[in-house]
Amino acid sequence: MTASYIFSVKSQFKMYWELFIIGLALINSLDLPLSIAMKPPYSQTSYYQIFTLSFDTLFLFDIIFTFRSAKFNIMTGEEVKEPKQIAKKYLFSARFVFDVLSCMPWN
């Protein structure tokens, strides 16, 4: 039984979402070490705190979105749209660990 709220592998929205998340990760990978090592004055402002919290929240939404995204089965060449199979594959992947760590507020 497939769910209608599973995003297809070929979904244009999914492609744009993934690009958006990659952009956030790049910004975060540049900003986080700078704010920890240098402690610039802007990192103490409430605007900056809201900015970083919104990044963490978007990374959390990415975890939820990934649970609702179809996976591609390399062996059969078909999309896997079964929610339990998607969840099992994602939970036991290294990506899940990195995704959880990325939504932690580190600074």
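No lab work stands behind these numbers, since they all come straight from the coordinates. Remember, it's a predicted structure, so these values are computed and weren't measured experimentally. Quick reminder, even Gly has a Cβ in these numbers, built from the backbone with ideal geometry, and neighbours come from all protein chains shown.
A Förster radius of 22 Å, combined with the Cβ-Cβ distance separating residue 67 from residue 36, puts the computed FRET efficiency at roughly 0.15.
With a Förster radius of 22 Å applied to the beta-carbon distance between residue 25 and residue 76, the computed FRET efficiency rounds to 0.10.
The charge dipole of the chain, taken about the Cα centre with unit charges on the Cβ atoms of Lys, Arg (+1) and Asp, Glu (-1), comes to about 260 debye, rounded to the nearest 20.
Over region 12-102, what relative contact order in percent results from Cα pairs under 8 Å that are six or more residues apart? Walk me through the numbers on the way to the answer.
On the way: 44 pairs, mean separation 20.8, N = 91.
Once divided by the residue count of region 12-102, the mean separation gives 23 percent.
Spin-label pair residue 104-residue 49: with each label point 7 Å from Cα along the Cα-Cβ axis, the two points sit 2.1 nm from one another.
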